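The values are calculated or read from the model by the stated rules, or taken from the named source; none is laboratory data. Computed from a predicted structure; not experimentally measured. So basically every Cβ, Gly included, is an ideal-geometry build from the backbone, and we count neighbours across all protein chains shown. For the accessible areas, the whole protein counts, side chains as well, though only heavy atoms, and no ligand, DNA or RNA atoms are used. Shrake-Rupley method; radii C 1.70, N 1.55, O 1.52, S 1.80 Å.
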Amino acid sequence: MLARGVHHLSFTVTDLERSRGFYEGVLGLETIPRPELGIGGIWYAAGNAQIHLIEILSRQASDTRLSPIANHNAFAIDDYQKVVDHFRAHGLEVLETSAEQGQIWIQDPDGNVLEFIAPGTMR
């Protein structure tokens, strides 16, 4: 197999500080060192992978909706209901299946769709 695993996921954001509040305050990610690349951004550790936020000046109008068929990245979680409750406590719109199916979708402040999956529910 050529691809041995996921190294990082990358999201474009229009307001780095607003996104920082979401990725650190809501998702609880911790920053990791990032080289100077000539563009704004921040990197986070997420288990064995990294999340890279790349700042852009503006986002053209898009048709991004909170949907399981939207382009998205998925994160493993331990406790389905705890994560649902956590996101709702932060005022986020949550699209969920059930604890048995174990899938949750939310959007970050720039409309990027994020999925969260409980272990053992998806193969």
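Per-structure values
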{"item": "Flag if R65 is charged (D, E, K, R) and either under 12 Å from the mean Cα position of the chain (by Cα) or part of a helix (DSSP H, G or I) (or both)", "result": "no"}
{"item": "Search result, residues across the range 88-107 that are open to solvent by 10 Å² or more (accessible area, probe 1.4 Å) and in contact (Cβ under 8 Å) with a residue 24 or more places away in the chain", "result": "H90, L92, E93, L95, Q103, W105, Q107"}
{"item": "Flag for Y44 being at pLDDT 90 or above and either among the charged types (D, E, K, R) or touching a helix residue (DSSP H, G or I) at 6+ places or on another chain (Cβ under 7 Å) (or both)", "result": "yes"}
{"item": "Count - residues of the range 3-30 that are open to solvent by less than 70 Å² (accessible area, probe 1.4 Å), closer than 28 Å to A89 by Cβ and not in a helix (DSSP H, G or I)", "result": "10"}
{"item": "Those residues of the range 9-24 which are of a type outside the set (F, W, Y) and closer than 19 Å to W105 by Cβ, in sequence order", "result": "L9, S10, T12, V13, S19"}
